[in-house]
Amino acid sequence: ILELQDICGDLKQIDFHPHGQAAPPMRAIQGQLTAANAGFGSIHTKDLRSDIQIMPLELIFRNFETKTYRGKAHGDFSFNFQGKKTTFQAKMQVSGVGMPYLLAEFDPGSPKVTGMMEAKLDVGGEIAHSSTPLGDMYGTGTIIVRRGQMPLLNQNPSMKHVERFRTAGAPALPASAFSTF
């Protein structure tokens, strides 16, 4: 599920009262964490920096920052171990992510989309150990890909008809090129 390599942390144990209840205090660990490499399923990052909180049934990364696929990401990420299946929740922003590098993790071979991605996402779901691990995710977000193309469309003869709608100077680009998607 989560793989961290070359970890360094400044952690301390704390006691807290969950949700303002008068119950006995729970123990938790919190502090800062860095990792040279981090992976969540097929997604890989490097130079991870984050505030971290480890509780009996939850692992929380707050204010994380990391480099990924020639871009960067930051936000909050958590794992919840309370139910039958582990769930995760992520609120993050990414910028400058190279689409061919990201998509190659899921479908090796020629890239289906090129360009640079920026996104603002609020996603979550159950951790699924299946051939479609993203199938049980839910959430909202905005994804924008700039200065890219869909190379497979260059092989489609119908794309030649679209070229007549281009502005002057654009014909030098492949028929599948786009500025924003």
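Values in this text are rule-based calculations from the coordinates and carry no lab data. None of the values given here were measured: they were computed from a predicted structure.
The rule of thumb for compact globular proteins, 2.2 N^0.38 Å, goes into the C-alpha radius of gyration of segment 1-113 1.24 times.
Here the Kirkwood formula puts the hydrodynamic radius of segment 74-149 at 13.9 Å, using every distinct Cα pair. Compactness of segment 50-118 is given as radius of gyration and Dmax, 15.0, 44 Å, from Cα positions.
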